[in-house]
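The values are calculated or read from the model by the stated rules, or taken from the named source; none is laboratory data. These numbers come from a predicted model, not from an experiment. Cβ atoms come from the backbone with ideal geometry, glycine included; neighbour counts cover every protein chain shown.
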């Protein structure tokens, strides 16, 4: 199938079914024409044939990039994010901008100003957030791959709920230039895909040092390889539903048996403080980042037009950063973040990877989040947040289903070992779920 025909087929599918799912906030009406131009080229890039959906907090020139917020409702991006530049250079095409929790503040996809994203694999349940639309678009068959952003699980949680692959790269592997970030010290752009090979290809294209993001690093060439003699670290964190933990334990046993790998239970001593460490950092950095949304240069003043969760984080950040606290909460959170990173570094001297569930429970039913306490919602990220605090790479892969609802398993590897993580994940695809 030529690229243009594939684009037409995806547009038709979106038109037919996205009213039920609400994955997209903006559709690229020029995609067929763009595909026809690429079809005519004598030499094609590595992403020829791949159609992308992009989370609405990543700038794509000329497209509406509103962060699922009324604050930036009609904002059109004036430039391409670095990751988008690289995708376009390799002949990848962008079909549209996806729904998400407003300004990426949320974990269910219900905090969008334009309505919740529905889960294509479990229609009465949330898709997971904040990259809800990106995960739903892939799971629904509206695109080949998608980009999301992950601050504390925002790629991996929706990947788990929608039964697909979601990658949070090592901090600094992918440039954040052009990302309207939630937390500058934690955020990473990463791919969501139906399989490891597609996720790897996209990550290999978008990775690399960028002079416009001084936190980026060149971790060297990455490639998928057959890995041997792997020692799997099994990490148990409190609060996981028994059925989920049992399923993940069974998968780990299968993976180790099939590949001849060993396993070892490990501990990260301060991991129970992950949620309490994460939110002071996010609140402070988000508050600082939102000061540009003052209604003068673009959009509306954020405090006047944003939703409840965004306002909560702004007000929380405003309190934490007050002069009388002298940075006490933020500095203390940074100190614990460093300790957790060091503990992961030590753990990876004993094991090659760590495996654990992606989420502690099933995705809740649409609307149920409104009845939950905020502490319960925040605790739902307890298994994904540690990877962001440690700056390490992590992936969520499908592990099976419970009550017909997809369940994801996380694989974590040391910082910069993204290729090893993806290679280990690739070996797990050989198991018939």
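Which residues, counting only those in the range 384-403, are surrounded by fewer than 21 Cβ atoms within 10 Å (Cβ to Cβ) and more than 18 Å from residue 194 (Cα to Cα)? Of everything in the range 384-403, those that are surrounded by fewer than 21 Cβ atoms within 10 Å (Cβ to Cβ) and more than 18 Å from residue 194 (Cα to Cα) turn out to be 402, 403. With a requirement of 1 or more residues that are over 20 Å from the mean Cα position of the chain (by Cα), the helices (runs of 4 or more DSSP H) lying completely within the range 325-401 that satisfy it span 328-347, 374-379.
Scan the range 218-263 for residues that are in a loop (DSSP other than H, G, I, E, B), within 23 Å of the chain's Cα centre (by Cα) and surrounded by 15 or more Cβ atoms within 10 Å (Cβ to Cβ) and the total you get is 6. Is it the case that residue 269 is farther than 30 Å from residue 172 by Cβ and either touching a helix residue (DSSP H, G or I) at 6+ places or on another chain (Cβ under 7 Å) or outside any loop (DSSP other than H, G, I, E, B) (or both)? Here the answer is no, as residue 269 does not meet what is asked.
Provide a single number: the residues in the range 61-73 that are surrounded by fewer than 21 Cβ atoms within 10 Å (Cβ to Cβ), in a loop (DSSP other than H, G, I, E, B) and touching a residue at least 60 places away in the same chain (Cβ under 8 Å). Total satisfying the criteria: 1. Annotation note: of 26, 48, the sole residue that is modelled with pLDDT of 95 or more, under 27 Å from residue 311 (Cβ atoms) and not in a helix (DSSP H, G or I) is 26. Listed by first and then second residue, the pairs with beta-carbon distance under 8 Å, at least 6 apart or on different chains, first residue in the range 258-280 and in contact (Cβ under 8 Å) with a residue 12 or more places away in the chain, second assigned to a strand (DSSP E or B) and surrounded by fewer than 18 Cβ atoms within 10 Å (Cβ to Cβ), are 261/231; 262/231; 263/231; 263/234; 264/231; 264/234; 265/234; 266/234. Before we move on, is residue 354 within 19 Å of residue 192 (Cβ to Cβ) and in contact with a strand residue (DSSP E or B) (Cβ under 7 Å, 6 or more places away or on another chain)? Judged against the criteria, residue 354 is not a match.
Listed conditions (1) in contact with a helix residue (DSSP H, G or I) (Cβ under 8 Å, 6 or more places away or on another chain); (2) farther than 28 Å from residue 276 by Cβ; (3) crowded, with 24+ Cβ neighbours inside 10 Å are all met by residue 424, apart from (1).
If only residues of the range 303-324 that are assigned to a loop (DSSP other than H, G, I, E, B) and touching a helix residue (DSSP H, G or I) at 6+ places or on another chain (Cβ under 6 Å) are counted, the one that is surrounded by the most Cβ atoms within 10 Å (Cβ to Cβ) is 306. Give the residues of the range 402-433 that are in a loop (DSSP other than H, G, I, E, B) and farther than 28 Å from residue 281 by Cβ, sorted by residue number. 403, 404, 429, 430, 431, 432, 433 - these are the residues of the range 402-433 that are in a loop (DSSP other than H, G, I, E, B) and farther than 28 Å from residue 281 by Cβ.
Taking the range 7-26, which residues are surrounded by 19 or more Cβ atoms within 10 Å (Cβ to Cβ) and closer than 11 Å to residue 142 by Cα? Matches in the range 7-26: 7, 10, 11, 14, 18, 21, 23, 24. Restricting the range 236-245 to residues that are in contact with a strand residue (DSSP E or B) (Cβ under 8 Å, 6 or more places away or on another chain) and modelled with pLDDT under 95 leaves a set whose member that is nearest to residue 354 (Cα to Cα) is 236. Can you tell me which residue among 357, 280 is in contact with a helix residue (DSSP H, G or I) (Cβ under 6 Å, 6 or more places away or on another chain) and under 22 Å from residue 418 (Cα atoms)? None of the others qualify; the one that does is 357.
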